[in-house]
1. Does B:Ile160 satisfy being more than 14 Å from every other protein chain (Cβ to nearest Cβ), surrounded by fewer than 17 Cβ atoms within 10 Å (Cβ to Cβ), closer than 24 Å to B:Gln249 by Cβ and free of Cβ contacts under 8 Å to residues at least 40 places away in the same chain?
2. Listed residues B:Phe149, B:Phe105, B:Phe141; which is out of contact with any Cys (no Cβ under 8 Å at 6 or more places or on another chain) and free of Cβ contacts under 8 Å to residues at least 24 places away in the same chain?
3. Within the stretch B:13-66, work out how many residues are among the small types (Gly, Ala, Ser) and away from every other protein chain (no Cβ under 14 Å).
4. Evaluate the following for A:Thr304: is it closer than 26 Å to A:Leu211 by Cα, part of a helix (DSSP H, G or I) and more than 24 Å from the chain's Cα centre (by Cα)?
5. Consider the stretch B:78-119. How many of its residues are among the aliphatic types (A, V, I, L, M) and either within 14 Å of chain A (Cβ to nearest Cβ) or within 25 Å of B:Glu55 (Cβ to Cβ) (or both)?
6. Please return the ranges of helices (runs of 4 or more DSSP H) entirely within the stretch B:212-321 where 3 or more residues are of a type in the set (A, V, I, L, M) and more than 10 Å from every other protein chain (Cβ to nearest Cβ).
7. Taking helices (runs of 4 or more DSSP H) that do not extend beyond the stretch B:1-89, which have at least 3 residues that are touching a residue at least 24 places away in the same chain (Cβ under 8 Å)?
Amino acid sequence: MAENLPPRDVNDEPVGAGRPPVDPNAEFLGDQGQQPGLTIDAVTPGGEDIVTGGRPEGPEGPDHEFTVQARSQWRQVLRRFRQHKLAVISLFVLLLVILFAFVGAPIWHYEPNKFTDDFSVPPSAKHPFGTDSNGADHMAQVMAGTQLSLKIAFFVSIVGTLFGSIYGAVSGYYRGITDTLMMRLVDLVLTIPALAVGALLGKRFGNNWLLLAMVLAGLLWTGSARVVRGQVLSVREKEYVEAARALGASDKRIIFRHIIPNVAGPIIVLFTLLVAAAVLTETALSYLGFGVQFPDISLGSLITSGETAASGGRGWLFYFPGLFIILIALTVNFIGDGLRDALDPTQTKARA
Amino acid sequence: MLAFTIRRLLVSIPILILSTFLVFLLVAWGADPLGDFKSKNPPPSAAQIAAREHELGLDQSLPMQYWNWIKGVLHGDFGPSVQGSAFNIGEELGRRTWVTFRLVFCAIIIALILAVIVGVVTAVRQYSVLDYAATLVGFFFLSLPVFWFAILLKIWATNINNDFGTNIKTLGPPGGQWGGIGSWAGFLVLPTITLALSSYATWARFQRASMLDVLNSDYMRLARAKGLSPRRVMVRHGLRTALIPMTTQVTLDVAAIMGGTVITERIFQWQGLGTMFINGIQTQDTNTVLAWLLISATLVIVLNLVADLLYAVLDPRIRLA
């Protein structure tokens, strides 16, 4: 039960004890760091930034105290994350997959598009994942495919979450007509199946993975925009935002320094979930032939060639790429679940 | 209620119009209907290209093209196709809609029934072994690449057919000959499972969360306190309320399901709308692609409208707003 206590209770003590004299010229942010409302959220990267941000330089006393405090909250998140065993295992497995793709590929002595004399060999010590009918080593192909699929997925979720979060924050912060118009645009994007538009644009831009990733990000950002808007609608009513406004902070400053850091929890979770969505969408498009195109290799395009191979008894060409897609999507989903529990102390597991 | 309906309708219409505009821009930007024609060997002369452009109305300005297209659509004419003059988009749509509708309908029903049962049971037995198992399975389905799983189903079905002499169809009917209702089942099984799976996973989680919300509410405690039977409390007070949010969730996911039909129909070689869409992209047939996107966007907007109205009927709190 102890982990369910809001961090605020932990922090009340130091706030009362070692409170430094308020410097009238100091940036208001520095002082904000002491408010209970904000210290909860100093869990977030942005929060940490705020705490160290406006503080006068000085090695001793209050400054030191705050750094420790922020770290202790990170520790708490870490502790809660570690309790989610599946998430921890998933993180470990995902790291292995990343190592396999990015470190394995340069080390492995076969190349994905280079033919050997072993045609259609089942998995063996020499070719752990077997070879295809041209004699290309399948493990090298899977490494290359995993690499590209991961690269696209991370690009999509970084760009998508970033854009969606800022969009949602602006929309929720200004409310009124701005909000209505911006959210109608989101509704508009949601009326069109992402996969269909992805296929249409992927057919044209698929030969360049960066453009393909941009297209996918352009389709998958709406989820974060909606969630962040909802969060911002409630955060903007908090006292510390009111205080910042009373102190004359600009809208830009309030959004980027006060609101976004405080909704960082959901944003991080959305980021991880978007990685899974992006991997699944990209591989589906590549499978259909509207995504990554030869000579680039994606896990999806490997399955296109593996499909016929599987019915011909060469199942390894079909199972391995599929297995890696599942590994990535599943681990990322579990990590997202663990982060959700860890970052939001008020949310019970029941609502996860 | 009437005012709410009218207001909601009035909001839907501009969204539908904007949606057609967005779809048109996307297609104009993303597809080149003359791509095949231009890459012919020997290359066509500039005059031939210009003539073809004129034929398809591509020599006009973009707003003019949009206007001509939308005018045609309102008259039931989806425009010429580059897949030959025999390919009438309107007729194709009419023939294929039924094929796709059957698939979507079955998938939604099956996913919904399973999701509600699993969602309610796991909420009532929260943190039981069953709950954890169902959550794990749900996560697994959420992470499953649909196209890969569909191919796997085909492989399994072939093996089962070989071993037990059953007749599970792994491909759609040749020439669109569906036969009687009895033979539908064989065709429908695998595509329906494929399409239902990912929706099921999302909906079961959603239903569980919504049921948990209800279970922890005061009126449930009151219903129990006044001595209603546990069954009555669960069904009349619990389930009925917990189903309301599902209406919104299901209609919101229709866009994703329409996207899913593209993959499913392609793998099982059904001659439905999804296959038509893929062929449309492959041949860069802008009017076919436009027609598909228009239908799916309209469907989503109409269903969202229906969901909002249903919500107002089902949830008395909305009526006050």
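1. Criteria not met by B:Ile160.
2. The conditions single out B:Phe105.
3. Residues that pass the stated criteria total 8.
4. Spelling it out, A:Thr304 is indeed closer than 26 Å to A:Leu211 by Cα, part of a helix (DSSP H, G or I) and more than 24 Å from the chain's Cα centre (by Cα).
5. Residues meeting the conditions: 5.
6. Here the list reads B:218-225, B:240-252, B:286-314.
7. Output list reads B:2-30, B:35-38, B:62-74.
Residue-wise test of (1) under 30 Å from B:Phe268 (Cβ atoms); (2) touching a residue at least 60 places away in the same chain (Cβ under 8 Å); (3) out of contact with any Leu (no Cβ under 7 Å at 6 or more places or on another chain).
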{"residue": "A:Ile254", "(1), (2), (3)": "no, yes, yes"}
{"residue": "A:Phe290", "(1), (2), (3)": "yes, yes, yes"}
{"residue": "A:Ser301", "(1), (2), (3)": "yes, yes, yes"}
{"residue": "A:Glu307", "(1), (2), (3)": "yes, no, yes"}
{"residue": "A:Leu343", "(1), (2), (3)": "no, yes, yes"}
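The values are calculated or read from the model by the stated rules, or taken from the named source; none is laboratory data. None of the values given here were measured: they were computed from a predicted structure. Neighbour counts run over all protein chains shown; Cβ positions are idealised from the backbone, glycine included.
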